[in-house]
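Encoded as structure tokens, the structure appears first; notes follow it.
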Amino acid sequence: MSPPRPALPKFGTDWDSLGARMRALGEGDADWRSARTAVYIFNAGEDVLSVAKEAYAMYQSENGLGPLAFPSLKRMEEEVIGIGLGLLAGPEGACGNLTSGGSESILMAVKTCRDQAAAAGRTVVGARVVVPVSAHLAFDKACHYLGLEIVRVPLAEDRRADPGAMAEAVDANTLMLVGSAPCFPYGLIDPIEALSDLAQDRGLWLHVDACVGGYFAPFARMNGVDLPGFDFSLPGVASISADLHKYGYAAKGASTIFHRSEAQRAFQGFESGDWPGGHMKTPTAAGTRPGGAIASAWAVLHYLGEEGYREKARIVCETRARMMDAINALPDLRTYGEPQLGLFLYGSETLDTFQIYGRMLARGWFSGVVTEPRAIHQMLSPAHADVVDEYLEDLEAAVAEVRGGGLDTTPVSARYS
Ligand SMILES: *Cc1c(COP(=O)(O)O)cnc(C)c1O
């Protein structure tokens, strides 16, 4: 028998009791407040969390759908876009919008590219979007929604996009190329410069997915990390996605989509008046746009400033290097690739990596996994700096357990959603 369907209570409940019940509901959740999650959460400390939250609360009722009613949100969005363009070398005339997240930003990039091509008389039904196999699944989703064909191209030896192989996948019906800065699975920045050349040679739209790196890589670079080019300074880059709710440390529901020109962005919006409710014009996929998310992004950017973000990036990069060194020094473990930002992978070639993952999970450490190679995926926040020793101690114990064999009853799957 299925459990009874939850029903709306007939009478209301006071907030104190509800708050207590909600806190109790959260007791089984991953313990992100103690920096025990290396996925889903970006914890830059209590002060930043509190600014993000208070700003969200201050504007939680306002609606970005109505710029005439809420010039405050319009102004904040313009300022956030200006800041993002400044960080990503946006040229004169570049522009952008806030969206609800990376997936929406990517949907908007692919949609804008498709509609610009259609307006130029190209056949767009079934047209190709060529991506490295490490590109986020949001591109598959966007292509699925938009009637396009996604082509996933194998990577080069170093697990970065292979521009030569991507060039071969381009056909007469290809509209877009994608590179990531960095890609989510490996934390590596694709050779965007070569992709930019390819895009210019073949007249293609290059989208750079900097969802997880857009508000991190610029600060790492200011700190002296020697990063390859990935932003609008490369002339073939047409659009960039960058998530504020990741290393921008804003409340969730905030990302940015940037375009090289206003002429290009003209194909992103939607407007119609074909109903009795009056004319409606929206810049992105959303109707109602949560004022809280916009305000939170604005507030955290101003709260931290360049110095604050540089300091957070420094802490994350240092923590990553420290963890990678320590893991490589442990028997049976190794890291993969040479990530330069906040993501890294490790695993074992002598022991079952997913068993190690399971035993870390049992100790309360929540993270993602990657299937090729079989690896544990760490997306670090500044808060992780304080728990590295504890993590490594638990990791040594977990590895010893797996080495010792015995029955592992922890259910482990490659899926974590
Ligand atoms: C997180 C991420 C996305 C998707 O963003 P959401 O905010 O989860 O929709 C896309 N690309 C990359 C590289 C990401 O890290």
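The values are calculated or read from the model by the stated rules, or taken from the named source; none is laboratory data. Please read all numbers here as calculations on a predicted model, not as lab measurements. So basically every Cβ, Gly included, is an ideal-geometry build from the backbone, and we count neighbours across all protein chains shown.
Quick notes
- Looking across region 1-35, just one residue is touching a residue at least 40 places away in the same chain (Cβ under 8 Å) and hydroxyl-bearing (S, T, Y), and that is S34.
- Check on Y346, in a helix (DSSP H, G or I) and hydroxyl-bearing (S, T, Y): no
- Matching residues in region 75-128 - criterion: being among the polar types (S, T, N, Q) and either more than 16 Å from the ligand (Cβ to nearest atom) or under 21 Å from G203 (Cα atoms) (or both): T112, Q116, T123
- Candidates A167, A199: the one that is more than 13 Å from the ligand (Cβ to nearest atom) and within 15 Å of D231 (Cα to Cα) is A199.
- Hey, A44 assigned to a loop (DSSP other than H, G, I, E, B), buried (at least 18 other Cβ atoms within 10 Å of the Cβ) and hydrophobic (A, V, I, L, M, F, W, C) or not: yes
- Residue identified as in contact with a strand residue (DSSP E or B) (Cβ under 7 Å, 6 or more places away or on another chain), touching a residue at least 40 places away in the same chain (Cβ under 8 Å) and not assigned by TED's automatic domain parsing to the domain that holds P235 among A94, A38, A109, A44: A38
- Positions within region 202-229 being touching a residue at least 60 places away in the same chain (Cβ under 8 Å) and within 12 Å of the ligand (Cβ to nearest atom), in sequence order: H207, D209, A210, C211, V212, G213, G214, Y215, F216, A217
- In this structure, L244 does not qualify as in contact with a Ser or Thr (Cβ under 7 Å, 6 or more places away or on another chain), without any contact (Cβ under 8 Å) to a residue 60 or more places away in the chain and surrounded by 14 or more Cβ atoms within 10 Å (Cβ to Cβ).
- Only a single item in (1) closer than 22 Å to G337 by Cα; (2) more than 19 Å from the chain's Cα centre (by Cα); (3) within 16 Å of the ligand (Cβ to nearest atom); (4) buried (at least 23 other Cβ atoms within 10 Å of the Cβ) is not met by R160, and it is number (2).
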